[in-house]
Amino acid sequence: MDILTGFGQGLLVALEPVNLLYCFIGVFLGTFIGVLPGIGSMAAISMLLPLTFHLDPTAALVMIAGVYYGAEYGGSIASVLMNIPGTPSSSITCIDGYPMARDGRAGIALFASAVASFGGGLIGMVVMAVLAPALASLALNFGPTEYFAVILLGLVAASAVSNGSPVKGIAMVVAGLMLGTVGVDITTGAERFTMGIPEMRDGVHLVIVAMGLFGVGELIVSIRANAAGAHQNAIDYARFYPSRKEWKAMAGPVWRGAGIGSFFGALPGTGQTVASAVAYAVEKKLSPNRANFGKGAIEGVAVPEAANNSATQTAFIPTLTLGVPGSASMALVIGALMMYGIVPGPRLLVDHSDLFWGLVASFLIGNVLLLILNIPMIGLWVRLLQIPYRYMYPTIIVLICVGVYSVNNNVFDIWLTLAFGWAGYLMRLFRFEPAPFLIGFVLGPMMEEQLRRAMLLSRGDASVFLTRPISGTLIAATVLLLAWSLFAAMKARRAGRPALALSDE
Amino acid sequence: MKQFLLCGAAAILLAGPALAEPGKWTDEPVRIVVTFPPGGTSDLIARILAQYFESEFGQKAVVDNRPGAGGTVAADYVAQQAPDGTTLILGNNAPFTIAPTQFDSLPYDPLASFTHIAYLGASTPALFVQPDSGIASLDDYVEVARTDGITYGSSGVGSITHILGKAVDIDLGIEQIHVPYQGSAPAIQDFRAGVLEAYYDMLAQNRDLIRDGEALPIALAAPERSPLFPEIPTFRELGHDIVVENWTGLSGPAGIDPEMAATIHDTVEAVMAMQPVVDQLAEWGITHTAMSSEDFTAFVGGTIETWAPLIAAAKVNGG
């Protein structure tokens with residue numbers, strides 16, 4: 001009952017004209033920024049930060065939040081249309097979204113992504129409203145052992161993401177893990193594989209890897225295909241709206257994606273990218289349509305979008321209730337609140353209940369606004385695909401360069417992106433899949449950091465992973481998943497089908 | 001005549017080494033390079049400076065975040081810019097005091113490549129333990145560390161809190177188990193989850209945890225007790241000469257015209273004296289001390305020397 005009164009009270013706050021206006025500005029700007037490759041919510045929020053000094057704290061927070069989740073809506077648009085992740089977390093959406101666009105189903109993919117984002121966002125909001133205090137205390141019980149266990153589970157699930165040869169899939173996961181070790185070792189300060197380049201000390205930024213592998217790599221492939229006289233993508237104008245069958249296919253993935261997304265969003269230190277990566281991997285294990293994953297399955301678009309949008313909402317839970325930011329963007333939110341003398345923490349829910357509930361209610365309004373904004377735009381976005389390549393490619397390259405540069409304001413990163421572009425091209429040429437690589441790269445460094453920290457804290461006693469209840473349960477789940485995979489593989493082999501190779505070749 | 005006298009009095013009051021008055025120093029917009037991504041205290045200080053430079057003195061200024069490699073990316077960038085007052089860096093320990101010892105090679109010289117202009121202030125870290133651990137004093141802490149060993153969290157290898165941990169190791173003759181985090185927020189999270197026994201972090205940032213009885217500070221690495229929590233003793237009082245301060249200052253590339261540097265210095269001092277700024281810095285636990293550009297330069301050189309053995313120890317041991 002308390003929640004309902006709180007939400008009602010919040011709705012009144014969120015519907016005040018000023019807050020409504022800033023909510024709209026936020027989501028509109030967020031969508032726009034999200035579409036631009038590489039320029040994520042982080043850049044947008046930092047540009048808006050000085051502006052918020054003059055606003056009321058609730059309006060400022062509502063606007064910043066709008067940019068944050070609006071960018072997740074926008075991020076998938078470039079992923080689907082051009083295979084260029086607009087935000088790091090929508091790189092997972094590329095995996096199925098782009099093949100859909102190539103089939104002429106770009107409109108449906110965008111529609112699915114908008115609807116899944118909306119569903120994910122709403123579920124994330126409900127989770128935040130109902131479970132914020134409970135999830136905050138759960139997140140508090142998540143120490144390094146628990147983080148390690150949950151990431152291990154994610155990685156084991158992810159090992160099933162490859163479509164082609166399982167050997168190549170595992171090779172790609174391992175390559176991703178290896179790339180993740182580049183930079184200063186967090187535990188000892190030793191430089192690893194930096195080749196003496198100062199810019200490499202912090203490792204390779206996810207934006208650079210994703211832009212290079214997906215964006216630039218795809219451009220090189222397309223240019224070659226073009227030279228060989230291929231046609232531009234056909235577009236089926238008649239079909240922007242999913243069929244009844246497609247609607248049905250999306251429902252399960254949206255629920256599961258949002259569930260997984262809400263969980264990872266609430267854990268500080270994981271965030272949307274991990275959420276969408278794990279959700280995709282899990283869905284690929286569960287979906288009846290798993291054979292089509294990676295080849296344009298609508299589920300493969302719905303799942304990461306539901307996950308990353310619910311994660312953007314629940315990411316506010318640790319930020320506001322614990323004062324622990326899960327991402328750089330969330331650190332900015334804390335910074336903005338600090339400017340108003342509001343200290344995020346357990347007392348925020350009580351001391352500033354207007355702000356908290358106003359924000360939660362603005363999620364509802366913002367998501368509705370985003371849906372209204374996005375659906376009519378689909379036709380316009382899809383038409384972008386008809387721009388002749390000779391205009392589109394240079395534009396994309398410029399956008400990629402600007403986006404990559406904006407991460408650290410460093411030209412070196414642009415060159416690095418070019419190198420990853422060639423790597424992506426070669427990978428495509430030899431049929432190595434970028435998806436498992438990306439997942440290994442995202443999860444690997446985090447897993448290593450938590451493992452070593454857990455070992456330091458336990459003074460070298462590895463049994464903590466089994467004796468602490470949450471991590472013990474997660475490890476047991478991982479073992480079960482592995483056993484089930486092996487069993488399924490053996491059964492498949494006995495049935496005369498190649499084990500893990502779920503698709504072509 | 002009267003006016004002349006007044007001006008003269010003002011000039012004497014505000015005088016740095018060269019006679020200057022606070023005000024605009026270039027017609028171009030100034031970029032204040034910050035070594036961190038947006039959102040942290042450092043970034044917010046830069047934004048406050050930029051805001052007041054423009055609103056009070058008509059000097060356009062923008063913040064340019066260039067994070068990476070412990071601030072060395074930003075410092076290297078600034079060192080290479082023209083010394084015309086349009087590029088300044090909000091410097092701190094990381095690129096100037098720590099990096100010269102921490103990294104084997106640096107593309108810049110922390111003293112020769114820069115004009116160190118104005119010292120802004122410092123915040124101080126304290127040692128925090130679990131309130132229910134039975135540790136109530138530094139002596140108890142040393143006792144536990146000697147018998148059972150103790151784990152402490154820092155905000156990263158080579159960070160100021162790690163160096164403080166090393167200083168405590170050396171001065172108190174103990175060996176704490178160092179657990180590095182990426183920033184203090186995750187360390188505090190683990191501390192609150194009960195898996196971490198102690199941590200070092202800025203006192204002011206932990207105000208609420210202290211008041212809620214979730215973290216117990218037992219010693220402060222400042223020269224004097226803090227007005228925020230006067231009951232917390234300093235390491236010095238307890239017989240250990242450990243002072244580690246997290247300072248911030250404004251510097252530019254080497255070779256800025258002394259007159260211009262004096263103007264920048266005095267403009268910064270004028271901003272730092274404004275009441276809203278004073279209040280905001282106090283809120284963040286940052287104490288401003290007026291320092292001439294010469295003193296500030298000497299201060300940077302001095303900290304490099306005093307800290308070098310600690311940083312070297314932190315580097316060799318890793319943990």
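Laid out as a table, the results:
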| quantity | calculated |
| --- | --- |
| Tensor-based shape of the stretch B:240-319 (alpha-carbon gyration tensor, a/c under 1.5 rounded, otherwise prolate or oblate) | oblate |
| Sites residue B:143 and residue B:170 - FRET efficiency at Förster radius 25 Å, r taken between beta-carbons, to 0.05 | 0.90 |
| Inter-chain shielding of B:187-195 (mean C-beta neighbours from other protein chains, 10 Å cut-off) | 6 |
| Theoretical FRET efficiency, 1/(1+(r/R0)^6), r = Cβ-Cβ of residue B:284 and residue A:353, R0 22 Å, to 0.05 | 0.30 |
| Paramagnetic label zone (point 7 Å from Cα along Cα-to-C-beta, residue A:221; backbone N under 19 Å) in the stretch A:392-426 | A:392-394, A:396-397, A:400, A:417-426 |
| Spatial extent of the stretch A:2-494: Rg and Dmax, with the Cα atoms as the point set, Å | 21.6, 69 |
| Given chain A, longest segment not containing exposed loop trypsin sites (Lys or Arg not before Pro) (DSSP; at most 12 other Cβ within 10 Å) | A:1-430 |
| Ranked list, fewest to most other Cβ atoms within 10 Å of each Cβ, for A:382, A:301 | A:382, A:301 |
| Debye intensity ratio in log₁₀ form over the Cα atoms of the stretch B:125-244, taken at each q of 0.15, 0.18 Å⁻¹ | -0.58, -0.87 |
| Net lengthening on full extension, residue A:377/residue A:429 (0.36 nm per residue, minus Cα-Cα) | 15.3 nm |
| Cleavage-rule hits (chymotrypsin sites (Phe, Trp or Tyr not before Pro)) in the stretch A:402-471: DSSP loop, at most 12 neighbouring Cβ within 10 angstrom | A:430 |
| Residue order, fewest to most surrounding Cβ atoms within 10 angstrom, among B:274, A:455, A:195, A:250 | A:195, B:274, A:455, A:250 |
| Residue exposure sequence - A:312, B:115 - by fewest surrounding Cβ within 10 Å | B:115, A:312 |
| Partners for residue B:24 among lysines (Cα-Cα distance below 22 Å; same-chain residues under 8 apart left out) | B:60 |
| Axial C-alpha extent at least 20 Å, average Kyte-Doolittle at least -1.0 - helices from chain B (DSSP) | B:41-57, B:258-272, B:293-317 |
| Overall Cα dimensions of the stretch A:349-505, principal axis frame, Å, largest first | 61, 57, 38 |
| Beta bridges per DSSP with both ends in the stretch B:125-244, % antiparallel, nearest 5 | 55 percent |
| From the C-alpha gyration tensor of the protein assembly as shown, square roots of 5λ in Å | 45, 31, 26 |
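Read-outs throughout are calculated quantities, based only on the coordinates presented, and are distinct from any laboratory measurement. Just so it is clear, the structure is predicted and the values come from calculations on it, not from any experiment. Every residue, glycine among them, receives a Cβ derived from its backbone with ideal geometry; neighbour counts consider all protein chains shown.
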